[in-house]
Every structure is written in C-alpha cells, then in structure tokens.
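Colleague: Please see the structure below; I have some questions.
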Amino acid sequence: MEDLVEKYERYVMPTYARQPVAFTRGEGCYLYDADGNAYLDFVTGLSVNNLGHCHPAVVAAIREQAARLSHTSNLYYTEPAAELARLVSENSLGGKVFFSNSGAEANECAIKLARKHGRDTGGEGKHRIIALEGGFHGRTLATLTATAQPEKQEPFRPLLSGFTYVPRNDVAALESAMDDDVCAVLVEPVQGEGGVYPVTREFAAAARGLCDRHGALLVFDEVQTGLGRTGKLFAYQHTDVTPDVMTLAKSLGGGLPIGATVAAPTYADVLTAGLHGSTFGGGPVAAAAGVAVFEQLLAPGFLEQVVARGDYLRQRLDELAAATEAVVEVRGLGLMAALELAEEKAAALVSAALAERIILNNTSPATVRFLPPLIVEEGMIDRVVEFVQAFLEEEDS
Ligand SMILES: Cc1ncc(COP(=O)(O)O)c(C=O)c1O
C-alpha cells in the first residue's frame, strides 16, 4: 500500500482526495483488497457498478467482444453500437443516440445539439442555456460552465458565455430567467454531486411548459440517475414530463466507459455528419457491455426489486433520522439517498466506515450519500444503517 501511494504521489496528478485503500477485485456488492478483506460497497464507483461488480453477463459480453473486435472507428458500422442505440431509444425518448465515453462528453453533445437547434430555429442569439444552482454536469469547460458551483468554476475563468443559473426547484426564478434567447434548460432529475436533491414535479412541469413556450430544449442529465438507480429505468419517469434530450453514462457500460446523448425524434437529426464525433464513442466492447447491462435491467422483476430495496433503505434511514437529532434530513429517490447531518461529521463518518469495511461517500461536510448496487440485499442495508447509527450515537455521547 505504501509503495502504491508513493507511486501515485510521484506520477499521478493530485486531483483526487483518495481514501487509504487499494482494491484488487470486485464481486457483487463487495470490493476486496490485496489481503482478501471484503468491503461492502455503498458507492458503486459513483453509480457505475449498478449491477454489482463483475456481473457474469457483463463480463462474458466484454470477453467475447474483446476477443472478436475491439475497435474500428466510427467511420464504419458495428453491431453492438446499433443494438445499444436501439435499446436506449426504444426504452426512452424513441429518437436517436450519440455515443461518447463519459458523462461530461454526453452533456457536451447535448449542449452542442441545443446550441445548433437554437441557431437553426432562432438565429445566432438563441444560444443561452439555463442550468440549476448546485448542479453537476462534468469537468470539461462547457459542462463546468453548466455546473453552477462557484468553487469548481472560479480557477478556470473565463468560462463559456451564454449560461445563466437559477436555484433548484424555484419556479418563479426559472420563469423570470426564461426568454426567447434560451436554447435549453439543463436539469438533473436528482442532483447527485450537489447532495441528492430530487427535482419537484412542479419544477419539472414548469420547466417543460416554459421550454415549449420559448422553443427551448428540456435536457435531463441522467448520468447518475439513469438506468434503474431511482427505481425507474430513467428518473424523468418519476415526473409528469418527458425531456427532449437526455444524457447517460456511468452505469451504462457496466464498468467500461461509455456516454450517450439521446434526442427525441424531433431533434434526432440536428447534429449531422461532421458536426460532432468521438474516436472511441460507442466502441464495440463498451457497447457490448451496455447491451448486457440493458438486458439485465429489462429482466422481469428487476426494477420492482430496486423499488422494494429503495423503499427499505428509505424506511431505515427515516427510522434513523427519527431516532437521533444528529440527522436533520433524509433525501433521495430509490437507491440514491443522502443523510444531512446536523454537524460537519460526514468525512469522519466515511473514514470510520472504511475502517469497518463499509464504503460510503460524502458530497459535502455534512452530507453522506448512499449509492448501493441495485442488487443490494436488506441485510446489507441493515448493516450500513446500524453502523451509521452507532457512529452518530458514539459521537453524541
Ligand atoms: C449528473 C452528472 N452529470 C455528469 C457527470 C460527469 O460524468 P463523467 O465524470 O463521466 O464525465 C456526473 C459525474 O458525477 C454526474 O453525476
């Protein structure tokens, strides 16, 4: 472990505050270190390994495809990308898909699509994008500009022009920010990195109505919420609206990098040949993994089980909150949940959890986030909630 840390310190840019552990293997809901210790994973690679680590169907698809054809470039047709695009489209907006390699790239594509559509329909001036305060859309310059978190943006100014921000779930603020120069409103249906704040039905409906009135695209960033995390295939299905464009990444590749920008039929051909591209986007191996992931998600009863486990997690967290003043709020949807602590003890809780071989994450000094695998079992939820309760009681005494 010391050698590994030393190597990182010497050769890897210090962009992450890493936990003091190295994993060598994963299986189901557990990660293992080199000594074979099992860690219960309630982070799932930040909502990537949603089917659990090394799901046999995903591993088999990757193996088979890697041994047959791993890359051709997007100058040619390959079967896995076509099949994954069909699965995504037919189970969501019914339009067309652009594949990339990450959430940031999926959002970059959505931003470019919205700007192009704005220009096509309203001229050069129709390019403004409204995003929500506290949102997170990625680290590239355009997606960082869309990420209304000043401390992340400040060191990199000047950012892109033409972005404005409104507080999440503030319908009046959105109404007054909206105008005909807006080409898109960008929304995470549940803000993930911002601390697990679900969008209200009222806000989603207002955003839909305002986008329709002003000829703007409603873009949902489902990079973290997508593909079953909230108990529905896509989180927009919890609202009364359908977005025009939706972005996916994270769990789509079952652990391999892939991003997807999905446009409803009306906007499916806005980006034409030469306007956008990606060398690796939708490559055969990542796309084959995506097909295997999708087949698991669509298996009868799978999402029903996610709903049941999400309800159980919520019930246990609500009970915990009722039992202690150390918790001020429980938030979330499905298997995406957060506890807001009365004091800034979230980082200490994450460290203490690691010592107990439970993997948790905090999104802010007082916010603990839970992103268990979708295959989590009730006993695992009990173990984690009991640990959190014991930690908070001990801190209190
Ligand atoms: C909602 C959302 N959008 C975009 C991103 C960026 O994804 P990536 O890190 O794959 O670029 C993230 C990553 O956490 C995210 O949660």
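Colleague: In the range 293-331, which GluC sites (Glu not before Pro) are in a loop and have at most 11 other Cβ atoms within 10 Å, using DSSP for the loop call? Let's see the in-between values first.
Modeller: Working: sites: 295, 304, 319, 325, 329; in loops: 325.
Filter output for the range 293-331: 325.
Colleague: Could you tell me the accessible area of residue 144 in Å² (1.4 Å probe, neighbours in place), rounded to the nearest ten?
Modeller: 10
Colleague: Let's test the formula: R0 of 30 Å, r as the Cβ-Cβ distance of residue 390 and residue 305. What FRET efficiency results, to the nearest 0.05? List each step's numbers first, then the result.
Modeller: Values: r = 28 Å, r/R0 = 0.93.
Rounded to the nearest 0.05, the efficiency is 0.60.
Colleague: Additional query: Calculated from DSSP H runs of 4 or more alone, at -39500 (n - 2.57) each and per residue, what is the 222 nm mean residue ellipticity of the chain, nearest 500?
Modeller: Details: 13 runs with 155 residues, N = 397.
Taken over the chain, the calculation gives -12000 deg cm²/dmol.
Colleague: Follow-up question, since we're still on this one. Considering only 76, 165, 39, give the residue with the highest GNM mean-square fluctuation for the chain, with springs between Cα atoms whenever their separation is below 10 Å.
Modeller: With Cα springs under 10 Å in the chain, the top fluctuation among 76, 165, 39 is at 76.
Colleague: Let me ask you something else. Mean Kyte-Doolittle of at least -0.5 plus a Cα span of 30 Å or more along the axis: flag which DSSP H helices in the chain meet both, please. Let's see the in-between values first.
Modeller: Values: long enough: 302-323 (32 Å, -0.12).
Membrane-span-like by this criterion, though nothing is claimed about a membrane: 302-323.
Colleague: Count the DSSP beta bridges whose two residues both fall in the chain, then state the antiparallel fraction as a percent rounded to the nearest 5. Mind showing how you got there, number by number?
Modeller: Details: 32 of 51 bridges.
Close to 65 percent.
Colleague: Given axes a ≥ b ≥ c from the Cα gyration tensor, I'd like to know whether the range 57-297 is rounded (a/c under 1.5), prolate (a/b larger than b/c) or oblate.
Modeller: Numbers: a/c = 1.74, a/b = 1.57, b/c = 1.11.
Prolate.
Colleague: Where does each of 151-158, 30-37, 310-317, 98-105 land if you order them by average Cβ count within 10 Å, highest first?
Modeller: Values: 151-158: 9.4, 30-37: 14.0, 310-317: 19.2, 98-105: 24.2.
Result, highest mean Cβ count within 10 Å first: 98-105, 310-317, 30-37, 151-158.
Colleague: What list of ³J(HN,Hα) values in whole Hz, one per residue of the range 181-194 in order, does the Karplus curve 6.51 cos²θ - 1.76 cosθ + 1.60 (θ = phi - 60°) give from phi, with Gly and Pro shown as x?
Modeller: My calculation for the range 181-194 gives 7, 7, 9, 7, 10, 10, 9, 8, x, 9, 5, x, 4, x Hz in order.
Colleague: Turning to a different aspect of this structure: Could you name the aspartates and glutamates whose alpha carbon sits less than 14 Å from that of residue 96, not counting residues in the same chain fewer than 8 places away?
Modeller: Within the straight-line limit of under 14 Å, residue 96 reaches these aspartates and glutamates: 83, 244, 269.
Colleague: Between the alpha-carbon centers of the range 151-189 and the range 76-98, tell me the distance in whole angstrom.
Modeller: A separation of 30 Å, based on Cα centres.
Colleague: Follow-up question, since we're still on this one. Quick check on my link table: of 126/250; 126/152; 152/250; 232/345; 116/232, which ones sit more than 29 Å apart, alpha carbon to alpha carbon?
Modeller: Values: 126/250 31 Å; 126/152 27 Å; 152/250 21 Å; 232/345 32 Å; 116/232 31 Å.
Pairs exceeding 29 Å: 126/250; 232/345; 116/232.
Colleague: How large is the charge dipole for the range 57-297, taken about the Cα centre, if only the Cβ atoms of Lys, Arg (+1) and Asp, Glu (-1) carry charge, to the nearest 20 debye?
Modeller: On the way: 20 positive and 26 negative charges, 85 e Å.
It works out to roughly 400 debye.
Colleague: Under a GNM of the chain (C-alpha, springs under 10 Å), which listed residue has the highest mean-square fluctuation: 91, 49, 107?
Modeller: 91
Colleague: Summarise the accessible area of the chain (1.4 Å probe, protein heavy atoms) by the percent that is carbon and sulfur.
Modeller: Details: 9240 of 17850 Å².
Roughly 52 percent of what the probe reaches on the chain is carbon or sulfur.
Colleague: For the range 252-265, what does the Karplus curve 6.51 cos²θ - 1.76 cosθ + 1.60, with θ = phi - 60°, yield as ³J(HN,Hα) per residue in whole Hz, taken in order and with x for Gly and Pro?
Modeller: 4, x, x, x, 9, x, 7, x, 9, 10, 10, 10, 4, x
The values are calculated or read from the model by the stated rules, or taken from the named source; none is laboratory data. All of these numbers come straight from a predicted model, not from anything done at the bench. Heads up, the Cβs are rebuilt from the backbone with ideal geometry, glycines too, and the neighbour counts pull from every protein chain shown. When the accessible area is computed, the model is the full protein with side chains, heavy atoms only, and any ligands, DNA or RNA have been set aside. Shrake-Rupley method; radii C 1.70, N 1.55, O 1.52, S 1.80 Å.
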